[in-house]
């Protein structure tokens, strides 16, 4: 398929995964942030790194809002790393496209492209919901930063995580990251459990056991223990879809001496009242 000469990433999932109407969408975002601000257990401080969920906003807003409830006025560039759910990408590779802008129902975001961006990845960037769910939140800021979108799906070994992360830091500028002017978000839902996902290792008490697994992985990521996180995902045959971008952000956060914490954890069963053998878990990890 021939690529468009002007590469604007459209709001492909507006009207299905979240409201397309400006007022309705802004109300959803504001209400989710207000819930966070009223919760005294949250550490309301600027964050430089995060792992945030990417399900439809009905499910993911509670997990995304904690990052955006903090003061982000110092952030000039926000990098969003996501897995690829639809395009088959090579392992140990971070890919992006040279975008001319990023459309949201709340306005156009300015794209700041990576030097390695290639037009052949435009369709992968355009079709990826894991990139899109945070974009309305970014556009809702009073002064939205520039946005960099990239995909990374699979790693063959922990050393590959470090190689990708070091190259990304060199590109973004270590001083910009250390100063908090450049922040990074890894987009990841956690365990996908049930017959629908081909993942049913537990005969009973699945939600509790999945929670134990997800929190164990979340704490490894908080502490930047990449080798152990990689081994954990491999041994469990994990269905955490964004483990790769999460490990990249975890590694960079650890090397910037950032302190991580699990800000929230819940599953789709906590949001929807209908009983279901299938569920998806969401963990929000934030680093100061």
Just to be sure before I move on: is residue 177 crowded, with 16+ Cβ neighbours inside 10 Å and closer than 22 Å to residue 54 by Cβ in the structure I sent? no
For residue 288, all conditions in the list (1) over 28 Å from residue 182 (Cα atoms); (2) in contact (Cβ under 8 Å) with a residue 24 or more places away in the chain; (3) out of contact with any helix residue (DSSP H, G or I) (no Cβ under 9 Å at 6 or more places or on another chain) hold save one; what is the number of the exception? (1)
Tell me, which residue of region 54-72 that is more than 12 Å from the chain's Cα centre (by Cα) and part of a loop (DSSP other than H, G, I, E, B) is modelled with the highest pLDDT? 56
Which of the numbered conditions does residue 168 fail, given that it passes all the others? Conditions: (1) part of a helix (DSSP H, G or I); (2) surrounded by 21 or more Cβ atoms within 10 Å (Cβ to Cβ); (3) free of Cβ contacts under 8 Å to residues at least 60 places away in the same chain. (3)
Per-region count, region 13-47, residues modelled with pLDDT under 95 and in a loop (DSSP other than H, G, I, E, B): 9
Give 101, 107 a once-over and let me know the one that is touching a residue at least 12 places away in the same chain (Cβ under 8 Å), touching a helix residue (DSSP H, G or I) at 6+ places or on another chain (Cβ under 7 Å), surrounded by fewer than 20 Cβ atoms within 10 Å (Cβ to Cβ) and closer than 30 Å to residue 5 by Cβ. 107
Here are the criteria: (1) under 25 Å from residue 191 (Cβ atoms); (2) in contact (Cβ under 8 Å) with a residue 40 or more places away in the chain; (3) assigned to a helix (DSSP H, G or I). Tell me which single one residue 51 does not satisfy. (3)
When region 204-224 is examined, which residues are found to be closer than 17 Å to residue 161 by Cβ and in contact with a helix residue (DSSP H, G or I) (Cβ under 8 Å, 6 or more places away or on another chain)? 217, 220, 221, 222, 223, 224
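The values are calculated or read from the model by the stated rules, or taken from the named source; none is laboratory data. No experiment lies behind these values; they were computed from the predicted model shown. In this analysis, Cβ positions are derived from the backbone assuming ideal geometry, glycine residues included, and neighbour counts consider all displayed protein chains.
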